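Everything on this sheet refers to the single structure shown next.
The values are calculated or read from the model by the stated rules, or taken from the named source; none is laboratory data. These numbers were taken from a predicted model, which means no experiment stands behind them. So basically every Cβ, Gly included, is an ideal-geometry build from the backbone, and we count neighbours across all protein chains shown. Note: accessible area is taken over every heavy atom of the protein model, side chains too, but ligands, DNA and RNA are not part of it. Shrake-Rupley method; radii C 1.70, N 1.55, O 1.52, S 1.80 Å.
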Amino acid sequence: VADMSEGLDRFAMLIDGQLLPSVGAPLKVLNPATEEVIARVPDATDEQLDKAIDAAGRAFATWRTAPIAGRRRVVRGIGRSLREHAEELATLLTSEQGKPLRTARLEIESAAVWCDWFADCEFSEEEIRDDDTHRVRIRHVPLGTVAAIVPWNFPVSLAMWKIAPALVTGNTVVVKPSPFTPLTMLRLGEILKDIVPPGVLNVISGGDSLGPKLTSHPGVQKIAFTGSTQTGKKVMESASSRLTPVTLELGGNDGAIILPDADLDSIADAIFAACFRNSGQVCLATKRVYVHEDIYDEFAKRFVEVAANAKVGNGMDEDVTLGPIQNRAQYEKVVQLIEQCESAGLEFLLKGDVPQGPGYFVHPSILDNPPDDSAIVVDEPFGPIVPLLRFRDIDEVVARVNNSEYGLGGSVWGRDVDLAESVAERIDSGVVWVNEAQRVSPSFPLAGHKASGIGSENGMEGLSHYTHPQVVSVRKS
Ligand code: NAD
């Protein structure tokens, strides 16, 4: 029993280069596939939070002026550590998040790829004038301590989307994973203790009150947040008291438009993945599928076939396609949504089983042309349920796709790529794909339009949100 309990409490926070354990009652972390408690993690006290922010502030004084080559080396070192510990981290990620191990491995590798890209990124200063009287330069100076707040669907990669650009540009970071999925980030903090100088990266864990304390803390000079639109609004409100700059990556309700000439033989699998990958718990998941009436029935048949064959189960089983929903609240939300669709008399093309627990498992559901104003079309379900919607012409479908508070992503599918591309450009969102979906890259700025976000992450555009421009104008005579 003693060993077991020691194992459960093995996670500590990285603060100022030290590993700090719980001082109060710890928080339990469950495996969503079994509902077993797999660990207890520190619930950061106010003193520990202050200590982390103070450490980041002190470290900033030297890190900001450290030679860029050294900062690049550290960011590359984070990527290397992710790869060296990939199997351990991926296994931990599956055990706390639920996703299939194969995709957990991809998440760890993708986080490393982000480190590589940002480590190599050029953002040198620009000289815009040098003549007899003036020398004028534009520098890109770091902001200070960055509070990085991360959701539970991609706990490692979404943390690295913030940590890598923040560190390379000379900021320091306090990262807070979701209370549902803190383990992989805490373990990574432990691994990075000897790679990143003390205070430059701090990893803290805690319950619901820690996020608001972090965003309102006077020692924070930048907030990088990924999560729901509802929480994003609170973050912005809290940031407003000190005019702390924010980057918000929020919810989405991406539409896919399937044109009549789409290649039905190949797209069912691709659209299944776009809708159901990570059990639908993806900001950029396809959440509404608009299919031209000429091919609706044929596409529906193939799509249902693919979805019905998906293997739902514990992500540790290598042949599982879809793991559980990550946490009980989200599971209950999805189950309720299925019941709501039923009681509203909506037609299902496929009604997913919700097996008896343990484990928050929900099989894929597909709805048959529900009304545009039904909750399943308007809201972000964030689970394995998607509506198919019939359309007749392009103007009509573009208007319906754009009739959403969100504007994160979208896709268009058709053999005539030029036509599909012209339709894609009409979608009001930060990213649009043709004949694919969910492709992200460190070089693509992801900028949610409308209620999907403020600012952007990734790409040079995202990097610029971690620096202020500073003009140095020198009069020579
Ligand atoms: P959430 O908003 O509940 O939580 C996100 C993070 O914010 C967690 O770490 C949480 O502890 C913290 N938090 C909660 N309340 C806070 C507050 N008042 N102040 C500061 N921090 C607070 O989101 P979630 O349920 O973890 O994630 C799902 C949502 O995230 C979905 O809406 C999804 O679309 C969105 N998301 C967006 C992107 C993107 O890049 N746009 C990526 C992934 C997920």
- line: Quick P(r) readout (the chain; Cα-Cα; 20 Å bins; whole %) gives 24, 53, 21, 2, 0
task: Could you work out the Kirkwood radius for the range 430-472, taking every pair of different alpha carbons, averaging 1/r and inverting it, reported in Å?
output: 11.7
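When every alpha-carbon pair in the range 194-255 is counted, what percent end up more than 19 Å apart? Write out the running numbers ahead of the final one.
On the way: 749 of 1891 pairs.
Counting every Cα pair in the range 194-255, those more than 19 Å apart make up 40 percent.
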task: Would you mind working out the accessible area per residue for the range 200-329, using a 1.4 Å probe, and quoting it in Å²?
output: 35
task: Place +1 on the Cβ of every Lys and Arg and -1 on the Cβ of every Asp and Glu in the chain, take the dipole about the Cα centre, and give the residue among GLY407, LEU210, PRO445 whose Cα lies farthest towards its positive end.
output: LEU210
message: Per q in 0.17 Å⁻¹, report the Debye log10 I(q)/I(0) for the range 323-362, using one uniform scatterer on each alpha carbon and no solvent.
response: -0.46
task: Answer with one residue from HIS140, LEU92, ALA119: the one whose Cα lies farthest towards the positive end of the charge dipole of the range 70-212, charges on Cβ with Lys, Arg +1 and Asp, Glu -1.
output: LEU92
- request: Mind jotting down the three principal axis lengths of the range 257-416 based on Cα atoms? Whole angstrom, largest first.
  value: 46, 31, 28
- prompt: With all protein chains present, how much of the accessible area of the chain (probe radius 1.4 Å) comes from carbon and sulfur, to the nearest whole percent?
  reply: 51
- prompt: Label point 7 Å out from LYS333 along Cα-to-Cβ: which residues of the range 277-295 have amide N under 11 Å?
  reply: 281-282
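Could you tell me the convex hull volume per residue, in Å³, taken over the Cα atoms of the range 101-230? Mind dumping the intermediate values first?
On the way: hull volume 19.3 nm³, N = 130.
Taking the convex hull of the Cα positions in the range 101-230, it is 149 Å³ per residue.
Out of the DSSP beta bridges found with both residues in the range 277-416, what percent are antiparallel (nearest 5)? Don't skip to the end; give the middle numbers.
On the way: 2 of 11 bridges.
Given both bridge residues lie in the range 277-416, the antiparallel proportion sits at roughly 20 percent.
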- prompt: Where the centroid of each part is defined by its Cα atoms, how far is the range 146-218 from the range 394-442 in Å?
  reply: 32
task: Using only the alpha-carbon atoms of the range 39-97, report the extent along each of the three principal axes, biggest first, to the nearest angstrom.
output: 39, 33, 12
field: Share antiparallel - DSSP beta bridges, the chain, percent rounded to 5
entry: 45
field: Distance cut-off 20 Å, percentage of C-alpha pairs in the range 247-330 lying past it
entry: 41
- prompt: How high is the relative contact order of the range 20-161, in percent, counting Cα pairs under 8 Å that sit 6 or more residues apart?
  reply: 21
field: Relative counts (whole %) of C-alpha pair distances in the range 27-134, using bins that are 10 Å wide
entry: 12, 23, 31, 22, 7, 4, 2, 0
message: Using the Cα atoms of the range 344-474, I'd like the radius of gyration and the largest Cα-Cα distance, Dmax, both in angstrom.
response: 19.1, 72
message: Rounded to the nearest 10 Å², what accessible area does GLU88 have for a 1.4 Å probe in the complete protein model?
response: 80
- line: For the range 1-82, the Debye formula with one identical point scatterer on each Cα and no solvent gives log10 I(q)/I(0) at q = 0.16, 0.17, 0.20 Å⁻¹ as -0.82, -0.88, -0.99
message: Quick check: the angle from helix 86-97's long axis to the longest principal axis of the chain, C-alpha only, nearest 10 degrees?
response: 60
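In whole angstrom, how long is each semi-axis of the equivalent ellipsoid of the range 142-299, when you take the square root of 5 times every eigenvalue of its Cα gyration tensor and sort them from largest down? Present the calculation step by step, with values, prior to reporting the outcome.
Numbers: eigenvalues 277, 63, 35 Å².
The three semi-axes for the range 142-299 are 37, 18, 13 Å.
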- prompt: What order, most packed first, do the peptides 55-64, 263-272 have when packing is the mean number of other Cβ atoms within 10 Å of each residue?
  reply: 55-64, 263-272
query: What lysines sit close enough to LYS213 to cross-link, taking a C-alpha to C-alpha distance under 24 Å and skipping anything fewer than 8 places away on the same chain?
result: LYS28, LYS51, LYS162, LYS176, LYS222, LYS233, LYS234
message: Between SER477 and ASP54, what's the calculated FRET efficiency when r is the beta-carbon distance and R0 is 41 Å? Round to 0.05.
response: 0.35
statement: Spelling it out for ASN202: with amide H atoms placed in the peptide plane at 1.01 Å from N, the residues 5 or more places away or on another chain with amide H under 5 Å from its amide H are VAL173, VAL174, VAL175
query: What percent antiparallel are the DSSP beta bridges of the range 115-220, to the nearest 5?
result: 35
- request: May I ask for the angle, rounded to the nearest 10°, between helix 101-120 and the longest principal axis of the chain, with both axes built from Cα atoms and the value confined to 0 to 90°?
  value: 40
